[in-house]
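Down below is the structure, laid out as structure tokens.
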Amino acid sequence: MNASMIRVIHISSILCPLCNKENDESSYHLLITCNYTKEVQDKILKCHPSLSLHTRWYSSHFIARLDKPTHAFDVFQQILTYQGVFEQAPMATGQLFSRTTQALFYNYKQLPIQRMLDFDFLCGRETPSVAGIINPGAEGFQKLFFGQEEIAIPVHSTVEAACAAHPTADVFINFASYRSAAASSNLALKQPTIRVVAIIAEDQTTRLLLGQQLPGSVGFVSKSGGMSNELYNTIARVTDGLYEGIAIGGDVFPGSTLSDHVLRFNNIPQIKMIVVLGELGGRDEYSLVEALKAGKINKPVCAWVSGTCARLFKSEVQFGHAGAKSGGEMESAQAKNQALMDAGAIVPTSYESFEASIKETFAKLAEEGKISPVKEITPPQIPEDLNSAIKSGKVRAPTHIISTISDDRGEEPCYAGVPMSSIVEKGMGVGDVISLLWFKRSLPRYCTQFIEICIMLCADHGPCVSGAHNTIVTARAGKDLVSSLVSGLLTIGPRFGGAVDDAARYFKDAYDRKLSPYEFVESMKKKGIRVPGIGHRIKRGDNRDKRVELLQLFARTNFPSTKYMEYAVEVETYTLSKANNLVMNVDGAIGTLFLDLLAGSGLFTKQEIDEIVSIGYLNGLFVLARSIGLIGHTFDQKRLKQPLYRHPWEDVLYTK
């Protein structure tokens, strides 16, 4: 096989999930990820006689056992030579990150993840540093940007699932709240693939700088996150830049110490000098003093302990961090600075001189040839998000939706410009809300009262009408409220409750053209169209619909004009001469009376009235009203625990 066809993506030593123990003198476990399966894995295993298969892990990962840990470097070199293409050299002991390090992000936060991806883009990374997101209880993908490209990052519901799906992601960035940070971090530490845990939560101070645009030669560790930003700037200006930086926090009981990280930096070949920023209080800096005296650190260390001003105060001083408390003489900044200087660290006379000390140390290393100059590169421009560009006035973007009836952008929602609090304080009712949201204006009280009467009268018409029947059958089939409601609403149309608009439309046209009831009815008959709003399956001339009578009574008492309704009554008189069931139904009553409401109120132009009728406003009133009854039928069936409905055979005519 051509060596260039093999691509080993990652090699790292791990806690073996099968043995469940750390690497020891007898064996050394390596997690190897490549882009080929069993055949290629077998070839890689033959790179060195000390390497043997321990277990296969998914299609592209496997764990190998190295019988002699001393052969580890040779194995890495053999794989390097064999494959021809290798993205990541083996990391030194204590090295946490490289240019190909990937992390799992716990508790989805859009902005921090996007900033990490933007930094990746500036660094010139080929792949994002965030391999996956862990969001308890959720799965799928989150869309984010990697430079100009929109990418989908997998979301997993558990830490275990994320680690299994992304075994080469060995950093766990924890954005859990302080209440759950400990539990989730402990769970991450138990996973065999996780090497580093960064906790970003309330009362947690661990902060890590991930990624390298142009990796510099400086390792930096500080107790202060805020001062770290100052030193990052200083280091960038007077050296070739940062290789890794970490702020351990100023807690009394920190998760790691200054010397822990300085010793790590000492083992990383790419780091040529170390910068340390301590602070008064505690004795952490003395562990670094002991390491220097013991000769465990062979790289120049520039150090400064802040808090020298504490001696200016007469009493004990507590600075910002819990551990930054001026105690005895040994815990003072002056004593620590002197001890570091005596141990061999480069300590300036003041913080103001710290920059010069760092600059001189770097220049000396460069002069000795220990640091090779690296050509600076111009980082790419991060594309600006559309929302921020719009806010800053840099771009114009068309809106996708227009709304003229409500606005929820202020302190409280507004209906047609009327604040919600005003609606409640003025004692407005459902009719008033409908007038605002449907007609975009406040209608007189008799108008809103008429709307409410229509809703009450049309809310239900028993269980036998088609809409209620559909809803009942659906509810008894075990469907939810919305499904049952919609099944009933779908029956509303020209034959059931949906003739209100047609009644208004035809009666308005006939009245406006001054057609006599005879001319109107006969013209409709010639066209083969039944007169909407006239006719009922049950009611007769001697048994009129009570709802129609109530509506007519209210209109005659309160409306300024009822010309359309009176015209409909004349048409009814003519149709009753044809057949006793051709009475005005509730559709005809509502349709014609709404015409009188619109025309008689003086608040609508002729064009607006025509538009209201053509759009379908009036059918909307029946739909709104009948929804109340359909919901009631749904609850009724579920409360009664009615079984699945099956239509009886004897009620069906079976024929060929």
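The values are calculated or read from the model by the stated rules, or taken from the named source; none is laboratory data. From a predicted model like this one, the values you see are computed outputs, not experimental measurements. For neighbour counting, all protein chains shown are included, and Cβ atoms are generated from backbone atoms with ideal geometry for every residue, glycine included. Please note that ligands, DNA and RNA were not included when accessible areas were found on the heavy atoms of the full protein model with its side chains. Shrake-Rupley method; radii C 1.70, N 1.55, O 1.52, S 1.80 Å.
Things worth noting here:
- Of all residues in the stretch 139-177 being polar (S, T, N, Q) and open to solvent by 50 Å² or more (accessible area, probe 1.4 Å), the one that is farthest from residue 100 (Cα to Cα): 158
- Given (1) β-branched (Val, Ile, Thr); (2) touching a residue at least 40 places away in the same chain (Cβ under 8 Å); (3) farther than 24 Å from residue 460 by Cα, number of the condition residue 548 does not satisfy: (3)
- Some residue of the stretch 526-547 being assigned to a loop (DSSP other than H, G, I, E, B), open to solvent by less than 40 Å² (accessible area, probe 1.4 Å) and closer than 30 Å to residue 646 by Cα: yes
- Scan of the stretch 496-512 for residues that are over 18 Å from residue 620 (Cβ atoms) and open to solvent by 60 Å² or more (accessible area, probe 1.4 Å), ordered by number: 506, 509, 511, 512
- Applying the criterion of at least 2 residues that are under 23 Å from residue 237 (Cβ atoms) to the helices (runs of 4 or more DSSP H) found wholly in the stretch 350-426 leaves 354-367.
- Scanning the stretch 454-473 for residues that are under 44 Å from the mean Cα position of the chain (by Cα) and closer than 21 Å to residue 555 by Cβ yields 454, 455, 456, 458, 459.
- Residue match in the stretch 545-557 (condition: at pLDDT below 95, farther than 26 Å from residue 445 by Cβ, touching a Leu at 6+ places or on another chain (Cβ under 6 Å) and of a type outside the set (A, V, I, L, M, F, W, C)): no
- If only residues of the stretch 456-465 that are assigned to a helix (DSSP H, G or I) and open to solvent by 20 Å² or more (accessible area, probe 1.4 Å) are counted, the one that is modelled with the lowest pLDDT is 457.
- Residues that are surrounded by 14 or more Cβ atoms within 10 Å (Cβ to Cβ) and not aliphatic (A, V, I, L, M) within the stretch 113-123 comprise 114, 118, 119, 120, 121, 123, listed in sequence order.
- Single residue of the stretch 251-302 satisfying the filter (touching a residue at least 60 places away in the same chain (Cβ under 8 Å) and farther than 28 Å from residue 240 by Cα) that is most open to solvent (accessible area, probe 1.4 Å): 252
- Those residues of the stretch 224-241 which are within 33 Å of the chain's Cα centre (by Cα) and in contact (Cβ under 8 Å) with a residue 24 or more places away in the chain, in sequence order: 224, 225, 227, 228
- Candidates 629, 588, filtered to the one that is at pLDDT 95 or above, in contact with a Gly (Cβ under 9 Å, 6 or more places away or on another chain) and not aromatic (Phe, Trp, Tyr): 629
- Taken over the stretch 139-186, the residue count meeting the criterion of being of a type outside the set (Asp, Glu), free of Cβ contacts under 8 Å to residues at least 24 places away in the same chain and in a loop (DSSP other than H, G, I, E, B) is 3.
- Within the stretch 438-451, tally of residues that are surrounded by fewer than 16 Cβ atoms within 10 Å (Cβ to Cβ) and within 12 Å of residue 428 (Cβ to Cβ): 1
- Pair list, Cβ under 7 Å, 6 or more apart: the stretch 111-134 residue farther than 19 Å from residue 162 by Cα and of a type in the set (Asp, Glu), other residue open to solvent by less than 30 Å² (accessible area, probe 1.4 Å) and not in a strand (DSSP E or B): 120/128; 120/129; 120/211
- Matching residues in the stretch 427-471 - criterion: being of a type in the set (D, E, K, R) and in contact with a His (Cβ under 8 Å, 6 or more places away or on another chain): 460
- So residue 360, is it more than 30 Å from residue 115 (Cβ to Cβ) and at pLDDT 95 or above: yes
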